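A.B. asks: Right, I'll just put the structure down here and ask away after.
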Amino acid sequence: MSYIDKVLEELIAKNPAQPEFIQAATEVLNSLKPVIERNPQFEKESLLERIVEPERQLMFRVPWVDDNGKVQVNRGFRVQFNSAIGPYKGGLRLHPSVNLGIIKFLGFEQIFKNSLTGLPIGGGKGGSDFDPKGKSDREIMAFCQSFMTELCKYIGKDTDVPAGDIGVGGREIGYLYGQYKRITGLYEGVLTGKGLTYGGSLARTQATGYGLVYLVNAMLGAAGKSLKGQTVVISGSGNVAIYAAEKAQQSGAKVVTMSDSNGWIYDANGIDIAAVQEIKEVKRGRIKDYLNYHADAKYTEGKGVWSVKCDVALPCATQNELNLDDAKTLIANGCYAVGEGANMPSTLEAIDAFLDAKVLFAPAKAANAGGVATSALEMSQNSMRLSWTFEEVDAKLKGIMENIYAEMSEAAKEYGLENNFVAGANIAGFLKVAEAMMAQGIV
Ligand code: GLU
């Protein structure tokens with residue numbers, strides 16, 4: 001049995017209830033075959049066994065009082081996965097689907113994504129099974145304060161710097177930051193995605209979506225194509241989806257769909273982003289409300305954006321939202337490029353189908369790294385106690401995304417896997433972390 005197969009077999013045996021983590025690890029490890037062959041010292045020093053085991057996993061009780069005076073209890077998580085190249089860095093997800101396996105898959109992805117940014121950040125992730133949907137501001141605050149009361153013991157500007165993810169935006173980061181400062185007395189860059197009045201960075205809100213389109217532009221450019229005049233299908237309507245849609249439109253594309261967990265909209269005239277922003281960011285409503293702005297658009301309950309004919313697909317909702325059947329439909333409809341804005345939105349089978357069909361496929365770790373990259377820029381600004389302009393941050397973000405494209409395509413080429421950016425991103429992200437771990441001894 002090969003070294004990689006052996007590590008995967010042990011991983012599956014040890015983590016039986018963590019299918020998403022096993023999926024993420026399987027994708028990464030299988031693409032490292034040529035690297036392991038070239039570097040036998042990695043097996044000798046059990047590097048893969050070490051890299052799939054988090055340095056530390058925290059699980060804690062989060063009690064809070066709801067608006068009816070009832071005590072609610074949620075489960076909090078922080079997985080500090082790998083600190084070889086910098087302090088743990090990664091978001092907090094608040095969603096009822098959150099469990100240890102989900103946080104581990106996200107933390108594992110984060111190691112390689114953060115490495116690809118070229119910035120000094122390790123991998124971590126956290127969150128809770130708390131469901132923010134339908135909660136009042138006061139309930140959100142009560143939860144965030146209780147969550148941080150425990151989490152603050154384990155984080156800090158040079159140890160672990162959480163941020164947002166699904167269910168955590170500016171409002172939640174504000175409540176978390178206020179509680180951290182109150183308990184520790186430290187005014188430091190312990191969280192990113194902060195508001196602009198208390199240490200946040202310009203362009204952080206837009207960064208994941210804009211970065212996704214910068215990377216897709218680089219990928220299409222290298223293939224002699226561009227987004228100009230192309231039809232783009234986007235899933236999701238959160239922060240990533242909204243700013244991906246905005247930048248895609250600025251690049252000359254027509255974005256025709258967006259979705260949420262209830263259903264999806266199709267607007268043949270191109271999505272009105274200002275309307276989606278008002279529905280989602282101001283009113284915290286449902287995507288169905290888009291019909292109040294554009295009665296000629298179409299709303300359908302359930303899943304379905306991948307059935308729409310398009311040139312480019314940008315899954316920006318959540319993990320495993322695009323399966324083999326969806327991939328087949330997209331390919332049959334002529335879709336020739338996919339950029340993953342969400343974390344692990346495509347199943348392993350869907351990825352294989354895209355690669356077999358020679359679809360230009362930009363995997364999440366590369367394509368959505370703009371968010372965490374800009375978080376690292378926020379950390380730099382906090383350390384320097386100054387703020388860069390929107391244009392400065394945006395220009396740095398664009399440079400980082402173009403560099404990620406170059407790194408993943410060069411790594412793919414070097415290992416004879418031209419245009420397989422899944423392998424390219426995994427290899428490039430892995431090598432930096434692996435070299436740092438080897439240099440630091442048995443840790
Ligand atoms: N949650 C985002 C991600 O998946 C951003 C993390 C961060 O800014 O630390 O990369």
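We did not get these values from a lab; they are worked out from the coordinates using the rules stated. Fair warning: this is a prediction, and the values are worked out from it, not measured in the lab. Heads up, the Cβs are rebuilt from the backbone with ideal geometry, glycines too, and the neighbour counts pull from every protein chain shown.
A.B. asks: Take Asp129, Asp5 and order them by how many other Cβ atoms sit within 10 Å, fewest up front.
C.D. replies: Neighbour counts put them in this order, fewest first: Asp5, Asp129.
A.B. asks: Ordered by packing density, taken as the mean number of other Cβ atoms within 10 Å over each peptide's residues, highest first, how do 369-379, 399-409, 383-393, 180-190 rank? Intermediate results must be reported in sequence, preceding the final value.
C.D. replies: On the way: 369-379: 27.6, 399-409: 21.2, 383-393: 12.6, 180-190: 15.9.
Top to bottom by mean Cβ count within 10 Å: 369-379, 399-409, 180-190, 383-393.
A.B. asks: With Cβ to Cβ distances under 9 Å as the rule, what net charge do the other residues near Gln72 carry (K, R +1; D, E -1)? Don't skip to the answer; put the middle values down first.
C.D. replies: Values: positive: Lys70; negative: Asp66, Glu139.
It works out to a net charge of -1.
A.B. asks: Turning to a different aspect of this structure: Can you list, largest first and rounded to whole Å, the semi-axes you get for the stretch 20-82 by taking the square root of 5 times each eigenvalue of its Cα gyration tensor?
C.D. replies: Values: eigenvalues 330, 31, 6 Å².
So the equivalent ellipsoid measures 41, 13, 6 Å along its semi-axes.
A.B. asks: Based on the Cβ-Cβ distance from His294 to Gln57, what FRET efficiency comes out when R0 is 51 Å, to the nearest 0.05? Mind dumping the intermediate values first?
C.D. replies: Details: r = 46 Å, r/R0 = 0.90.
Here the calculated transfer efficiency is 0.65.
A.B. asks: Taking 0.36 nm per intervening residue step and subtracting the Cα-Cα distance, what contour gain separates Leu186 from Asn333 on full extension? Provide the component values of the computation, followed by the final result.
C.D. replies: Working: separation 147, 0.36 × 147 = 52.92 nm, distance 5.43 nm.
Gain in length upon complete extension: 47.5 nm.
A.B. asks: Could you name the aspartates and glutamates in cross-link range of Lys396, using Cα to Cα under 14 Å and dropping any fewer than eight places away on the same chain?
C.D. replies: Glu378
A.B. asks: Something else: Using only DSSP helix segments of four residues or longer, with each worth -39500 (n - 2.57), what per-residue ellipticity at 222 nm results for the chain after dividing by its residue count and rounding to 500?
C.D. replies: On the way: 17 runs with 205 residues, N = 443.
The helix contribution divided over the chain gives -14500 deg cm²/dmol.
A.B. asks: Dividing the convex hull volume of the alpha carbon atoms of the stretch 340-442 by its residue count, what do you get in Å³ per residue? Write out the running numbers ahead of the final one.
C.D. replies: Numbers: hull volume 13.5 nm³, N = 103.
Once divided by residue count, the hull of the stretch 340-442 is 131 Å³.
A.B. asks: In the stretch 96-157, which trypsin sites (Lys or Arg not before Pro) are in a loop and have at most 12 other Cβ atoms within 10 Å, using DSSP for the loop call? Mind dumping the intermediate values first?
C.D. replies: Details: sites: Lys104, Lys113, Lys125, Lys133, Lys135, Arg138, Lys153, Lys157; in loops: Lys133, Lys135, Lys153, Lys157.
Of the trypsin sites (Lys or Arg not before Pro), the ones in loops of the stretch 96-157 whose Cβ has at most 12 other Cβ atoms within 10 Å are Lys133, Lys153.
A.B. asks: Anything over 19 Å Cα to Cα? Flag those among Lys104/Lys328; Lys113/Lys398; Lys33/Lys413; Lys135/Lys280; Lys283/Lys365; Lys247/Lys288, in the order listed.
C.D. replies: In this structure, Lys104/Lys328; Lys283/Lys365; Lys247/Lys288 lie more than 19 Å apart at Cα.
A.B. asks: Along the positive direction of the dipole of the chain (beta-carbon charges: Lys, Arg +1; Asp, Glu -1; about the Cα centre), which of Ile140, Ala297, Gly118 reaches farthest?
C.D. replies: It is Ile140.
A.B. asks: Please report, in whole Å, how far the alpha carbons of the stretch 195-340 spread along each principal axis, starting with the longest.
C.D. replies: Principal-axis extents of the stretch 195-340 (Cα, largest first): 46, 35, 28 Å.
A.B. asks: Which log10 I(q)/I(0) values does the chain give at q = 0.07 Å⁻¹ under the Debye formula, counting every alpha carbon as one identical point scatterer?
C.D. replies: Log-scaled intensity ratios, in q order: -0.32.
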